[in-house]
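Take a look at the structure below.
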Amino acid sequence: MPLQLEFSDEIQDALRIPPDEQEGRLRRELAWLYEKGLLSLGKARQLAGMEKWNFLLLLAQEGISRQYDKKELVRDLSILNHLP
């Protein structure tokens, strides 16, 4: 379920972000929080209201590397080793 936040006109004006850019900008801010380790990948993409692959694309567009732990690497290498 996508999270929807409503900001008062006062907050929108203070942000100095045009209304048509607010959603994209807030998604990029969530990507930044992920990069800084303040949100997990799953939580950041959930709050952004995006599918996993679309959020990963956003990370790539913003030059943000996916945080990858050893457990994930071992799992992915195992999958690759079993491909024909």
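Being among the aliphatic types (A, V, I, L, M) and under 21 Å from GLU72 (Cα atoms) narrows it down to one residue among LEU30, LEU59, LEU26; which is it?
On inspection, the qualifying residue turns out to be LEU59.
Within the stretch 60-75, how many residues are in contact with a helix residue (DSSP H, G or I) (Cβ under 8 Å, 6 or more places away or on another chain), at pLDDT 85 or above and either surrounded by 11 or more Cβ atoms within 10 Å (Cβ to Cβ) or more than 18 Å from ARG45 (Cα to Cα) (or both)?
Qualifying residue count, the stretch 60-75: 3.
Has the stretch 58-79 got at least one residue that is under 9 Å from the mean Cα position of the chain (by Cα) and within 18 Å of GLU23 (Cα to Cα)?
Yes, the conditions are met somewhere in the stretch 58-79.
Can you tell me which residue is nearest to GLU72 (Cα to Cα) among those in the stretch 36-53 that are assigned to a loop (DSSP other than H, G, I, E, B) and without any contact (Cβ under 8 Å) to a residue 24 or more places away in the chain?
Among those that are assigned to a loop (DSSP other than H, G, I, E, B) and without any contact (Cβ under 8 Å) to a residue 24 or more places away in the chain, it is SER40.
This table checks each residue for (1) among the hydroxyl-bearing types (Ser, Thr, Tyr); (2) in a loop (DSSP other than H, G, I, E, B); (3) at positive phi.
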| position | (1), (2), (3) |
| --- | --- |
| GLU23 | no, no, no |
| TYR34 | yes, no, no |
| PHE55 | no, no, no |
| ILE64 | no, yes, no |
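The values are calculated or read from the model by the stated rules, or taken from the named source; none is laboratory data. None of the values given here were measured: they were computed from a predicted structure. Every residue, glycine among them, receives a Cβ derived from its backbone with ideal geometry; neighbour counts consider all protein chains shown.
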